[in-house]
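Beneath this line is the structure, given in structure tokens, with notes to follow.
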Amino acid sequence: MSRKYDELMTHVEKMQALEMAESLFSWDMETGAPREAAPLTARVMGSLSSQYFDILTSPQVGELICQAKEEELNEVQAAIVRELAKTRDRLCRIPAEEYREYAELIAGAAQVWARAKRENDFASFAPVLTRIIEMSKRIADYSRKEGQSRYDAMLWQYEEGFGQAELDPFFALLRENIVPLLKRVTQEGEPISAAPLHRSFDVEKQRKFNCFLAEYIGFDFGRGVLAESEHPFTDGLHNHDVRITTHYYENMLESAMFSTIHESGHAIYEMNVDDAVTLTPAGGGASCGMHESQSRLMENMIGRSPSFWEPLYPRLQELFGEELAGVSREDFVRMINRAEPSLIRTEADELTYCLHVMIRYEIEKELIDGNLGVSELPQVWNDKYEAYLGIRPANDAEGVLQDIHWAQGSIGYFPSYALGNAFAAQIYHAMGREVDIDGCLRQGNLEPIRGWLKEKIHRFGRVKPAKELLQEATGEDFNPSYYIDYLTGKFRSLYRL
Ligand code: ZN
């Protein structure tokens, strides 16, 4: 019946195999591969990625996509063709030579950035960053739609439907609400000390607890692996092979735990994608922001809630009785929810996190659509931290050089982190209308929560666009007021304001 579609799928099969191999290499580089392997493995990965590029941009695949679109397709098939066409269209607009030049630039930039950060030397990274911005602007010009600015085109690449017209009011709302709330927390709130969580916690025991925690969240060890890496991440190959990492610190008990819960949130999304969709261009999550919503929902709304720890805290105390002596469950829950302004985004608490993202958004806007020059970045960065968080980085390593994203060419990616939090609050609110969340958590039964998320979000993969999925799952369009209400209610009560 759908002959051209089937023919197209034979090419897709090859592309998926190449993509999966590349993904597996990148997992291996972060977790198990010997350090010296990097340069040669990078060559192999480069070859895999260019084979992928050649297949997708070939005229034959282009023609098959057009023909398949004319055939009668079901919803999943149509989504696969749509996603394929979208990626192909973006790649085909960029002249091959420029694409290669850009790929090479990015391949070398991470090392320059890492050295600059290590040596606190922004000037040595500035020329590469300037080049990345120039090329990114050119590439955005190829792909931007009518009426879109360059930065809008970059934003859409990560979160379709969320350009500056949507993000400006979103971040304004966050700024108006979170900045004054944070000021009250730091000036009037009763300080919360988390000193007991920085005692010495045996890493072997932490491993045991984190494995238990991942499984408790719903991570299926028959279809997944939990390993360790410098920065925790998730690598979803398909719904039967999802890999996550965490990172253990002897003196920071909560760090690994919340990384594990966060990545498990990403993982169960991938594990719950329908069999018909996984391992196709419509597999994986609906968007970066939607993926992040699932990890943040598990990490913060579920994982930091008092009811979550009712059945779990005794288990933690069993392992660390001496270390947690004198720390009641109520104390512990207050400690893991404390908020304080800090300089590093990845370590930021729930209240301040989005301010870090907002600063990057404001800066990117000016870099791409405005007149901000790379040399002015450190000053602008530090001024914004002072204005919004009330603290000023002492050097660029803990300031403008902290994130790898710009060195990877991921300009426009940051806002999806903030959107993820807001999606999560909206989804959590909608779920609360149908599921007794606290009741489930108190009983130690997360199944109804997972079931709801699977039914409303996970199983679709990328078949429905994120905006539509959010609308259908929650009954309304994107509405960030749930997030503001959630944060305001939570931190006012935590700090007794
Ligand atoms: Zn994440």
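One residue stands out among those in the range 338-358 that are closer than 23 Å to PRO306 by Cα and charged (D, E, K, R): the one that is most open to solvent (accessible area, probe 1.4 Å), which is GLU347.
Within the bounds of the range 189-203, is there any residue that is closer than 14 Å to TYR388 by Cα and either in contact with a Ser or Thr (Cβ under 9 Å, 6 or more places away or on another chain) or surrounded by 13 or more Cβ atoms within 10 Å (Cβ to Cβ) (or both)? No; the residues of the range 189-203 include none that is closer than 14 Å to TYR388 by Cα and either in contact with a Ser or Thr (Cβ under 9 Å, 6 or more places away or on another chain) or surrounded by 13 or more Cβ atoms within 10 Å (Cβ to Cβ) (or both). When ALA33, ALA78 are screened for being more than 24 Å from GLU160 (Cα to Cα) and either surrounded by 15 or more Cβ atoms within 10 Å (Cβ to Cβ) or not assigned by TED's automatic domain parsing to the domain that holds THR245 (or both), only ALA33 passes.
Taken over the range 432-443, the criterion of being touching an Asp or Glu at 6+ places or on another chain (Cβ under 8 Å) and either not aliphatic (A, V, I, L, M) or not assigned by TED's automatic domain parsing to the domain that holds LEU213 (or both) is satisfied by CYS440, ARG442.
Close contacts from the range 413-431, counting a first residue that is closer than 14 Å to ASP485 by Cβ and open to solvent by 10 Å² or more (accessible area, probe 1.4 Å) and a second that is among the hydrophobic types (A, V, I, L, M, F, W, C) and away from the ligand (no atom under 12 Å from the Cβ), with Cβ to Cβ under 8 Å and a gap of 6+ residues or different chains, come to TYR428/MET301; TYR428/ILE437. Would you be able to say whether some residue in the range 288-305 is surrounded by fewer than 24 Cβ atoms within 10 Å (Cβ to Cβ) and either of a type in the set (Lys, Arg) or away from the ligand (no atom under 16 Å from the Cβ) (or both)? Within the range 288-305, one or more residues are surrounded by fewer than 24 Cβ atoms within 10 Å (Cβ to Cβ) and either of a type in the set (Lys, Arg) or away from the ligand (no atom under 16 Å from the Cβ) (or both). Across the range 442-468, the qualifying residues are those that are in a helix (DSSP H, G or I) and farther than 16 Å from ILE268 by Cβ, and the one among them that is least open to solvent (accessible area, probe 1.4 Å) is ALA466. Being touching a helix residue (DSSP H, G or I) at 6+ places or on another chain (Cβ under 7 Å) and not aliphatic (A, V, I, L, M) is a property that LYS4 has. Just one of the listed residues (PHE212, PHE219, PHE201) is outside the structural domain of ALA85 (by TED's automatic domain parsing) and either within 15 Å of the ligand (Cβ to nearest atom) or among the β-branched types (Val, Ile, Thr) (or both), namely PHE219.
Going by what's in this entry, would ALA107 be described as out of contact with any Leu (no Cβ under 7 Å at 6 or more places or on another chain), under 27 Å from LEU401 (Cα atoms) and modelled with pLDDT under 90?
Working: out of contact with any Leu (no Cβ under 7 Å at 6 or more places or on another chain): yes; under 27 Å from LEU401 (Cα atoms): yes; modelled with pLDDT under 90: yes.
In short, yes.
Remark: pairs (first residue in the range 266-287, within 13 Å of the ligand (Cβ to nearest atom); second residue open to solvent by 30 Å² or more (accessible area, probe 1.4 Å) and of a type in the set (Phe, Trp, Tyr); Cβ separation under 9 Å; 6+ apart in sequence or on different chains) = HIS266/PHE233; SER287/TYR158. Picking from residues in the range 122-158 that are in a helix (DSSP H, G or I) and among the acidic types (Asp, Glu), the one that is farthest from ASP89 (Cα to Cα) is GLU134.
The values are calculated or read from the model by the stated rules, or taken from the named source; none is laboratory data. Small disclaimer: the values here were computed from a predicted structure and weren't measured. Because the Cβ atoms are built from the backbone with ideal geometry, glycine has one as well, and the counts that use them run over all protein chains shown. The area values use the complete protein model at the heavy-atom level, side chains included, leaving out ligands, DNA and RNA. Shrake-Rupley method; radii C 1.70, N 1.55, O 1.52, S 1.80 Å.
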